[in-house]
1. Among A:ARG184, A:ARG323, what's the order by accessible area (1.4 angstrom probe), most exposed first?
2. Around A:THR62, which amide H atoms from residues at least 5 apart in sequence, or from another chain, sit under 5 Å from its own amide H, with H modelled in the peptide plane?
3. Given a 1.4 Å probe and the protein chains all in place, what does the accessible area of B:PHE247 round to, in Å² to the nearest 10?
4. Which of these, B:ARG162, B:ARG188, B:ARG210, has the largest mean-square fluctuation under a Gaussian network model of chain B (Cα springs below 10 Å)?
5. Select from the range B:176-210 all residues whose loss of accessible area on going from the chain by itself to the full protein assembly reaches 20 Å² or more (probe 1.4 Å).
6. Which value in deg cm²/dmol, rounded to the nearest 500, describes the helix-derived mean residue ellipticity at 222 nm for the protein assembly as shown, given -39,500 (n - 2.57) per DSSP H run of n ≥ 4 and division by the residue count?
7. Note every residue of the range B:109-132 with a reduction of at least 10 square angstrom in accessible area, all protein chains present versus the isolated chain, computed with a 1.4 Å probe, or write none.
8. Which is farthest toward the positive dipole end of chain B among B:SER32, B:ALA259, B:GLY100, measuring Cα position about the Cα centre, with Cβ charges +1 (Lys, Arg) and -1 (Asp, Glu)?
Amino acid sequence: MKKLTTLLAAGLIAAGAAAQAQDDPFTVGFIYVGPIGDLGWSYEHDQGRLAVEEAYGDQVRTIYQENVPEGADAERAITNMILDGADMVFTTSFGYMEATNAVAAQFPDVLFEHATGYLRETPNVSTYSARFYEGRAVIGHIAGHMTESNIVGYIGSYPIPEVIRGINSAFIHARQVNPDVEFRVVWAYTWFDPAAEADAARALIAEGADVIMQHTDSTAPQTAAQEAGIISFGQASDMIQFAPTPRVASIVDNWAPYYVRRVGEAMEGTWESTDTWEGIGPGMVEIGEMTDAIPEEVRASATELMESIASGEYHPFTGPLNRQDGSAWLAEGEVADDGTLAGMDFYVEGLTGDIPN
Amino acid sequence: MNIIDAALIATLIGASTPILLAAIGELVVEKSGVLNLGVEGMMIVGAIAGFIACVTTGSPALGFVMGAVGGAALSVIFAVLTQYFLSNQVATGLALTLFGLGISSLMGESYTGINPPITPKLFPEAMRDIPWAGPILFGHDLVVYLSVALVAAVAYTLARTRLGLIIRAVGESHDAAHALGYKVVRIRFLCILFGGACAGVGGAYLSLVRVPSWTEGMTAGAGWIALALVVFASWKPWRALLGAYLFGGIAALQLRLQAQEVAVPVALLDASPYLVTIIVLVIISSDRGRAALNAPAALGKVFHASS
């Protein structure tokens, strides 16, 4: 009897393998740091996955895993995905960097795309990110105009270059239009924890902030801003449910075109290890609708700023700019190079807090 | 620039309530000798069940009731599997968490981005404005007071009543309790339901008061902190209250210090509930004396009447 079941099982497995070999769609895996229902970061990556499905139909199969912790455990999740048949894996958070490269070294035939990182140790790893700081410049500009208490509260996730860059960019452009504005930064040490994010927003509001910016993934800070009757900005996704207030504008990450293009290249065999970093111009970063809560002239000047960044005429990090300690960073008219931006670990002059280490 | 004031204490009480509720429920479950690692799952099902009920009916009170029902309903699965089918409690509990996270995101699909009706404060505005005592003592909603009352009730029941004695007897030695004629399985079943209901209310408190809105996976580890809290409290109800307020207090304080631009070791403070729990565990396991006596002797062991 036992032998029979074993035989049957073997037969079934063989049949399954044959069936798979027959159509054999190209399998693309996605690793998400939060749930796809966060309406923020992971949601937008999942929109990119759906765009891939739509673009290639039966030729692709996509799989994904949500809530994968950053760090060593991610290795297991990525490996499982490959054993599940993935030919290409998108790992969509900074903290997967080491894990992605470690797994990539073991599976040279699988292609890896790591979001927001900089390590490409093997030729099968690419990195990509969006120039979120361009979007930050626009909402910083709006925040500088809109704040009445002159205190902008900023919820940071982890003190990594991507987040620090965003704080600097938002601050520079808020100061440009409002010399009295100050930023208060709270580090939540999580990408996704609605209760902690809401508490962080409330702590900032208690200190007098009347504008909240977030670099975390849930909509909880929007709810806290709504409660307090102040304004906020959608992060990573449009968060339009909170318009017209508290959400007065948003930074939207549009990954879909990149995902579709890269999966296409992988299927054709033209895929190469690259480092992609695109902003408002190519459309990887979008500014969500500015609501009527923003005065018309501010909307106009913000749009102008957005367009000058998109055309490449203006770079958000243009000198003269000093570091927080007062030492010179960029001379008049000088533009920050990508290397410095990618590894940014300092605040610009005028920001008052310390970056935790 | 006050570092500690009434508002901070009021905040920490509210922030601690979800883990306190979940922990006090789990404490009773563990006292009866059952280890349910599904707290996170029961919390999140309570969060969405309560949220749906509150949004549909407009009544926060009904929301909390349905939160309790949701959490208890999920715990029934655990109770049936572990008590009647004698499954491994650790594995079943972990599976319950995964199941709870999955089913809640399915249930909550069309409920994202909605604001629930506001849960009213219990006392009138005038009382809440009294300096210090106002925000701390009178500034909360009913659930906060109920959570403290629940701690008192559990402490009293476990220590002073016949029911408490039976629960503890079952948790210390199910064979002896069985020999005395107590229905071990039934008692544990009811304790598990109680734990599920408490976790469910804790979850509903997250989605209805603390955040307040529904987001997938919104408990984000609160259930695990509640489990750590039970150990931290060495299975004593009042210590669970103290621990919850301490954990909540550290979180609230570090956010406030950061907002005031005082340099604090945030990463370390964030990990502190776990670190403190590990220290307590080390103390418990090194000291075979009083502290160790508190752990229910039959915790996690499978009971079958024939054995």
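1. On the way: A:ARG184 40, A:ARG323 75 Å².
Correct descending sequence by accessible area is A:ARG323, A:ARG184.
2. Residues meeting the criterion, in which the H sits 1.01 Å from N, are A:VAL28.
3. My reading of the accessible area for B:PHE247 is about 10 Å².
4. Its mean-square fluctuation being the largest, the pick is B:ARG162.
5. Checking the loss per residue gives B:ARG210.
6. Calculated from helices alone, the mean residue ellipticity at 222 nm is -17000 deg cm²/dmol.
7. B:THR112, B:GLY113, B:ASN115
8. Most positive-ward Cα: B:SER32.
The values are calculated or read from the model by the stated rules, or taken from the named source; none is laboratory data. These figures come from a predicted structure and were not determined experimentally. Counting neighbours? That spans all protein chains shown, and the Cβs are built from the backbone with ideal geometry, glycine included. Side chains are part of the model used for accessible areas, which takes the heavy atoms of the whole protein and leaves out ligands, DNA and RNA. Shrake-Rupley method; radii C 1.70, N 1.55, O 1.52, S 1.80 Å.
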